[in-house]
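Notes to accompany the following structure.
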Amino acid sequence: MRLVSLLAIGATLVGVGAANAETSGHCPARDFQAAAGRAIDDLDASQSFTGAVLVAIDGKPVLRRAVGEANREWHIANTADTRFRIGSATKTFTGVAVLRLVDEGKIALDHPVAKYVPNLPQAWAGVTIRMLLSHTSGVPDYVFAPTFRGREARLIQTPESLLTLVREKPLVFAPGTGWRYSNTGYVLLGMAIEKVSERPYADYLREEFFKPLGMADTGYETEDAVMARRASGYMRTRDGWAAGPFMAPSAAYAAGALYSTVGDLLKWDQALYGDRLVSKAGRDLMFADYRNHYGLGWQVDETWGTRRLSHGGATPGFQASFQRYPDRRLTVAALSNSELGVAEKLATDLAGLCLGASVYPAEVALAPSALDAFAGDYRDAKGVPVKVVRQGARLVAYFGDEPAGTLYASGPAAFFMKVSDAQLSFRGEPGRTRTLVVHQHGKDYVFDRASGH
């Protein structure tokens, strides 16, 4: 469920003995353990990531680690067995469920969804199951309804009540002619699954997937559930930690209401290599790129020079990233009980480190006096502020009201971040920095030093 972004020392190694017993795979990169440890340590030290991670090769864990607290009120630590909301990573399960029903002849990808869900708006008549799975339907996303975040997201919902939020809205584009991420599409798919299977969506997943695969720590969350080892969700501001806004699981339904653990996601990953869940023909359809690097319930792209099948997730207080690199038999999961959008970046970085890629620039050490020359207040042409301060041997930057991001020096006036792909450079005469340039996503963002600094 993309509610948050709508577009990451004192770490706990989960029992040294247990971790060694479970760590039986081997990454191509010989220095993976040390490099991954440093990356996680840095994010933990800056409180940029709190949650659990797993890296596996050929189904065998290479790394299982947890950092931060599952419950900050009681100071209960996260572990590798902590259960997290996984948000839109739920869509991988919904996608597999639909393709399984296609294999069984109960659903056809090119049938209109109206064949399975009655009383839909006439404007949706041309919308097919394939279009819903691939986000090419044009059906508007209910999470953008004006009252959703402030009201409906906090209340128990039914699939029908979620559709009510967008039934009267026009399509974003004619069905099949564009691409726009739509949680509404996955609500409709959940309803179709219930119709043809004659079971509630939650029961279908439990009986067809979770129980047969031994995924005892995965399920459909309900508002009244009492759940062991469940993480609480948080958000971090410049003033410290705060509880994540409440969101009723039923407000996410088949688009994002599942919880899981990093270990159970590895079981899910392994089951997808054979025909146990979906036929090869179904998997080929599921992992094709229909538009915008998206398949049928999966993001499909290439990273670190190899194919990646993945899905992220974000609900208030939580972030998730589940990544599969099938040609290298590599699996990475990062589940976080913080809204900071670091889970996907960390999972991608860990995959690169495992494969031996050059993930981070080489660091250089700068004297405190050199770092002090860059500290100050900066603003762009629109008045957006950036505050740079020195904390010990590092610079940290505050972008607007966001929490601090640590800067790592890669040159005399060049820096990078581990929480994002941003590259930063300071320009001006030595000791008299005038401009901060942030390079990200192919663009340069210029911030001038405020007068008096």
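Please indicate, with yes or no, whether at least one residue in segment 65-76 is part of a strand (DSSP E or B), touching a Pro at 6+ places or on another chain (Cβ under 7 Å), surrounded by 20 or more Cβ atoms within 10 Å (Cβ to Cβ) and among the β-branched types (V, I, T).
No, segment 65-76 contains no residue that is part of a strand (DSSP E or B), touching a Pro at 6+ places or on another chain (Cβ under 7 Å), surrounded by 20 or more Cβ atoms within 10 Å (Cβ to Cβ) and among the β-branched types (V, I, T).
Note down all Cβ pairs under 7 Å where the first residue falls in segment 284-296 and is on the phi > 0 side of the Ramachandran plot and part of a loop (DSSP other than H, G, I, E, B), the second is open to solvent by less than 60 Å² (accessible area, probe 1.4 Å) and among the charged types (D, E, K, R), and they're at least six residues apart or on different chains.
Listed by first residue and then by second, the contacts come to H293/D301.
What do you reckon, is A225 open to solvent by 10 Å² or more (accessible area, probe 1.4 Å), in a loop (DSSP other than H, G, I, E, B) and either of a type in the set (G, A, S) or modelled with pLDDT under 95 (or both)?
Here the answer is yes, as A225 does meet what is asked.
For segment 336-357, which positions are more than 17 Å from D42 (Cα to Cα) and not in a helix (DSSP H, G or I)?
N337, E339, G356, A357 - these are the residues of segment 336-357 that are more than 17 Å from D42 (Cα to Cα) and not in a helix (DSSP H, G or I).
How many residues does segment 278-299 contain that are open to solvent by 10 Å² or more (accessible area, probe 1.4 Å) and of a type outside the set (S, T, Y)?
Qualifying residue count, segment 278-299: 12.
Within segment 394-429, how many residues are in contact with a helix residue (DSSP H, G or I) (Cβ under 9 Å, 6 or more places away or on another chain), in a loop (DSSP other than H, G, I, E, B) and not aliphatic (A, V, I, L, M)?
4
So, S425, is that one surrounded by 15 or more Cβ atoms within 10 Å (Cβ to Cβ) and either at pLDDT 95 or above or under 28 Å from R65 (Cβ atoms) (or both) or not?
Here the answer is yes, as S425 does meet what is asked.
So L340 clears everything in (1) over 22 Å from the mean Cα position of the chain (by Cα); (2) at pLDDT below 95 except one condition, right? Which one?
Single failed check for L340: (1).
Go through L171, L188 for me and flag whichever is out of contact with any Phe, Trp or Tyr (no Cβ under 7 Å at 6 or more places or on another chain), of a type in the set (A, V, I, L, M) and buried (at least 22 other Cβ atoms within 10 Å of the Cβ).
When all the criteria are applied, what remains is L188.
Counting only residues that are of a type in the set (G, A, S) and either touching an Asp or Glu at 6+ places or on another chain (Cβ under 9 Å) or open to solvent by less than 50 Å² (accessible area, probe 1.4 Å) (or both), which one in segment 23-43 is farthest from P361 (Cα to Cα)?
So, considering only residues that are of a type in the set (G, A, S) and either touching an Asp or Glu at 6+ places or on another chain (Cβ under 9 Å) or open to solvent by less than 50 Å² (accessible area, probe 1.4 Å) (or both), the one farthest from P361 (Cα to Cα) is G25.
What tally of residues in segment 110-140 results from selecting those that are under 22 Å from the mean Cα position of the chain (by Cα) and crowded, with 22+ Cβ neighbours inside 10 Å?
Summing the residues that are under 22 Å from the mean Cα position of the chain (by Cα) and crowded, with 22+ Cβ neighbours inside 10 Å in segment 110-140 gives 5.
Looking at A397, A375, can you tell me which residue is at pLDDT below 95, touching a His at 6+ places or on another chain (Cβ under 9 Å) and open to solvent by less than 60 Å² (accessible area, probe 1.4 Å)?
After ruling out the rest, the residue left standing is A375.
The values are calculated or read from the model by the stated rules, or taken from the named source; none is laboratory data. Since the structure is predicted, the reported quantities are computational estimates derived from the model, not experimental observations. Backbone-built Cβ (ideal geometry, glycine too); neighbour counts: all protein chains shown. Only protein heavy atoms, including side chains, enter the accessible area calculation; ligands, DNA and RNA are left aside. Shrake-Rupley method; radii C 1.70, N 1.55, O 1.52, S 1.80 Å.
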